[in-house]
Amino acid sequence: MYTRALIRLAIGLSLAGFATSALAASADDFKAAYAKAEAANKQAGAVKNQWTTTADELKKAKTAADAGKFDDAVKLAQHAEALAHASIAQAKEQESAWTQAVVR
Amino acid sequence: MLRKIIVAVAIVVGIAQPLLADNAGSPETDFKMFRDYFKSRFPKVPMNDFVNGPYSMDEGLRKQWKAIEEFPPYEFAVEQGKQMFATPFKNGKTYGDCFANKGIGVRQNYPYFDTKSGQVITLDVALNQCRESNGEKPFDYSKDDMASLTAYMAFTSRGKPMDIKIPNDPRALDAYKKGEQYFYTRRGQLNFSCASCHVQSAGDHIRTEVLAPALGILNAMPIYRSAWGGMGTTSRRLRTCNEQVRGVPLPAEDENYRDVEYYLSYMANGLPVSGPGARP
Amino acid sequence: MASTIRVRAVAGGDTTQVQSLIQHPMDSGFVKDSKGQIIPPHYIEVVQFEHDGKTVFTAFWGPAVSKDPYLKFSFKGAKKGDDLKVSWADNKGASDSLVAKIQ
């Protein structure tokens, strides 16, 4: 249930770390990662299930990019994307899972 | 023999399935199950006391509340609401002209399902509709002006039993069901649903607060919250709850919020309006 | 215009119990508004209760007291039907007063 989303999040994070460790990130890398994260968060908005922490992470990513710290910025943007995906997964799961909680 | 057993088991399972299919309930059955749940969990709480939220769950809190109610902090809001009701709009009409019985003693009928527009109309929405149809700008749903109006209207209905109707219209039933779904759906990074706190953990503590039971939870709205040092409408509370579980709140009076208010208000049918309320 | 003061004084035995609720923002001067600007300090400095020409209770308030302050105290020497005068003054020079009958 929730653990599935958690596993996905953990995998996403570990892959993110592996991908960016080889080369230093550029401003373009950040722009791409940020755009992906924003798109995912917009999808979460479409299912009315955005998390406040996703927006916070996006903000942190932008702040890091503005300071020229593109490695950090990309990591943060990827984390934000993972959070957004987790929130979408939560919404999809809950569409059927909610009935289990109804008082009987 | 084995065949007979297999068939028997299959029949039993076949019959049992619909009983466990939770979504098949009608509002009437939901109502009974909801009420029975709280009755069995809190057998010592008188049915009408559930509308007092955390005070029905904790004796120490109740004593403090009784002391506060000697000089209720929402008095100013009720007074302001009364004045607003008495003040005509620029076109000469008043709030009373938009409501049955001049808006006095009608709060227990809200929200209702408007078959014309096909949506749930809460009291707050009805008040803004009244303003707009009389050439006035609508109020922010989370701010004091709206709270003063609903505080006054709630005050004139104090003690009256909630009387929410679900008309024989599939759209109304759909809105009710959507409200039920919203109530039980987990959201936010903390993965809580309304039910997580107000059904499963009703009467328990969340940090220093005692959690109110979902039964009759909206009967005291709008509330003066000591934590806010001011009044809060239903919209303000729902949106704050979303934020507290790290979910981005929807716009005030979003369809989801109206539907969940419809569902919860129906569940409280027969229980008295206790608003406006004072909460920690 | 409605008074900012709400008071209820009840005489019982030889003691009168007084409760009051005063409508006032009681801004401490430490809180910022939504635009990030400090909301200037605006709070009651003195509250006074008078009976029969004498002051029976004085409170010196400041920024630590919250919005719409509630006050409760008892005093001796009054009876039902007497007048009780409540008055306050704040740091901006505003004031209000009210005379209530002891019940």
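Just one of (1) within 14 Å of chain A (Cβ to nearest Cβ); (2) in contact with a helix residue (DSSP H, G or I) (Cβ under 6 Å, 6 or more places away or on another chain); (3) at pLDDT 95 or above fails for B:Met33. It is (2). The single condition among (1) small (Gly, Ala, Ser); (2) part of a helix (DSSP H, G or I); (3) surrounded by fewer than 19 Cβ atoms within 10 Å (Cβ to Cβ) that A:Gly68 does not meet is (2). Of everything listed in (1) over 18 Å from B:Thr185 (Cβ atoms); (2) at pLDDT 95 or above; (3) in contact with a helix residue (DSSP H, G or I) (Cβ under 6 Å, 6 or more places away or on another chain), the single unmet condition for A:Gln50 is (1).
Considering each residue of the stretch C:84-98 in turn, none proves to be within 14 Å of chain B (Cβ to nearest Cβ), touching a residue at least 12 places away in the same chain (Cβ under 8 Å) and assigned to a loop (DSSP other than H, G, I, E, B). For the stretch B:207-215, the criterion of a residue being closer than 18 Å to B:Ala278 by Cβ, within 14 Å of chain C (Cβ to nearest Cβ), in contact (Cβ under 8 Å) with a residue 40 or more places away in the chain and not in a helix (DSSP H, G or I) is satisfied by no position. If a residue must be β-branched (Val, Ile, Thr), within 12 Å of another protein chain (Cβ to nearest Cβ) and over 24 Å from B:Pro251 (Cα atoms), how many such residues does the stretch A:40-86 contain? Result for the stretch A:40-86: 0.
Among the residues of the stretch C:11-33, those that are among the polar types (S, T, N, Q) and surrounded by 14 or more Cβ atoms within 10 Å (Cβ to Cβ) comprise C:Thr16, C:Gln17, C:Gln19, C:Ser20, C:Gln23, C:Ser28. Count of the stretch B:75-102 residues, restricted to those that are away from every other protein chain (no Cβ under 13 Å) and among the hydrophobic types (A, V, I, L, M, F, W, C), is 5. As a summary of the residue check, B:Leu271 satisfies the conditions (1) within 24 Å of B:Val125 (Cα to Cα); (2) within 13 Å of the chain's Cα centre (by Cα); (3) surrounded by 23 or more Cβ atoms within 10 Å (Cβ to Cβ); (4) not small (Gly, Ala, Ser) except for the one numbered (3). Looking at B:Gly135, B:Gly159, B:Gly118, just one residue is touching a strand residue (DSSP E or B) at 6+ places or on another chain (Cβ under 7 Å) and on the phi > 0 side of the Ramachandran plot, and that residue is B:Gly159.
If only residues of the stretch A:9-39 that are in contact with a His (Cβ under 9 Å, 6 or more places away or on another chain) and away from every other protein chain (no Cβ under 14 Å) are counted, the one that is modelled with the lowest pLDDT is A:Ala16.
Here the stretch B:61-114 is the region considered, the condition is being basic (Lys, Arg) and not in a helix (DSSP H, G or I), and the residue that is surrounded by the most Cβ atoms within 10 Å (Cβ to Cβ) is B:Lys93.
For C:Ala64, the stated conditions hold: it is within 19 Å of B:Gly229 (Cβ to Cβ) and within 14 Å of another protein chain (Cβ to nearest Cβ). Scanning the stretch B:207-225 for any residue that is under 18 Å from the mean Cα position of the chain (by Cα) and basic (Lys, Arg) turns up at least one such residue. Across the stretch B:53-71, a minimum of one residue is classified as at positive phi and touching a residue at least 12 places away in the same chain (Cβ under 8 Å).
The values are calculated or read from the model by the stated rules, or taken from the named source; none is laboratory data. If you're wondering where the values come from, they're calculated on a predicted model, not measured in any experiment. Using ideal geometry, Cβ is built from the backbone for each residue, glycine included, and neighbour counts are taken over all protein chains shown.
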